[in-house]
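Please read the structure below before turning to the comments.
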Amino acid sequence: LVRACSRAAVGANGPAGTHPAGTHQTRAFRRAASTPPRLPHNPATMAAFGGDDALGAMMAATLPRSTMSKDQMQSIANGARPKTARPKTARPKKDTKPWTKEDVTKLKKACKEVPSTVEKQQRWRQISGIVGRSKRECYDKYKELKEAQKTKNELKKTMTRAFEERLAALGLKEPAA
């Protein structure tokens, strides 16, 4: 590495600054200096990972950078594809008992009692303890109730607006501005 760097810096015709292609040689020097040095296939390191087989060489070569175990590398060497991050798939819902009016009332009361300033996971853990159901069940039901309330409010606004327009059309009330 040192010889390659000094050759790239000095070049055939002197230092990089005096050679017409000095800029190119300086870039080559920077590139050579920035690449990490390759580890030699040290027999002692290879022996620690299973001798002089291909797997041992792979382990020795990737030792400082690898996060894989020897078993994982062995399975890849045998042709297995490495595990990669997969997008989350929708889990099938567990069979749960239906929500009763008392459960919904407990959920609403618990949501008011436990402040929203508490960390999210902790908050839903506390709410689920009060209601007597799982965190996920409580959270899903809460979202469902919120969506139902939002739909109800939108419908109410639409109906009120339509009712006022109808009254104005009949001349019984002034239209809202």
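Scan the stretch 133-171 for residues that are open to solvent by 70 Å² or more (accessible area, probe 1.4 Å), more than 30 Å from Glu119 (Cβ to Cβ) and among the β-branched types (Val, Ile, Thr) and the total you get is 1. Counting only helices (runs of 4 or more DSSP H) that sit wholly inside the stretch 60-135, those with at least 1 residues that are under 30 Å from Gln149 (Cα atoms) and at pLDDT 80 or above are 101-113, 120-131.
The values are calculated or read from the model by the stated rules, or taken from the named source; none is laboratory data. The structure presented is a predicted model; accordingly, all values stated were derived computationally and were not measured. For neighbour counting, all protein chains shown are included, and Cβ atoms are generated from backbone atoms with ideal geometry for every residue, glycine included. Ligands, DNA and RNA are excluded from the accessible area calculation, which covers all protein heavy atoms including side chains. Shrake-Rupley method; radii C 1.70, N 1.55, O 1.52, S 1.80 Å.
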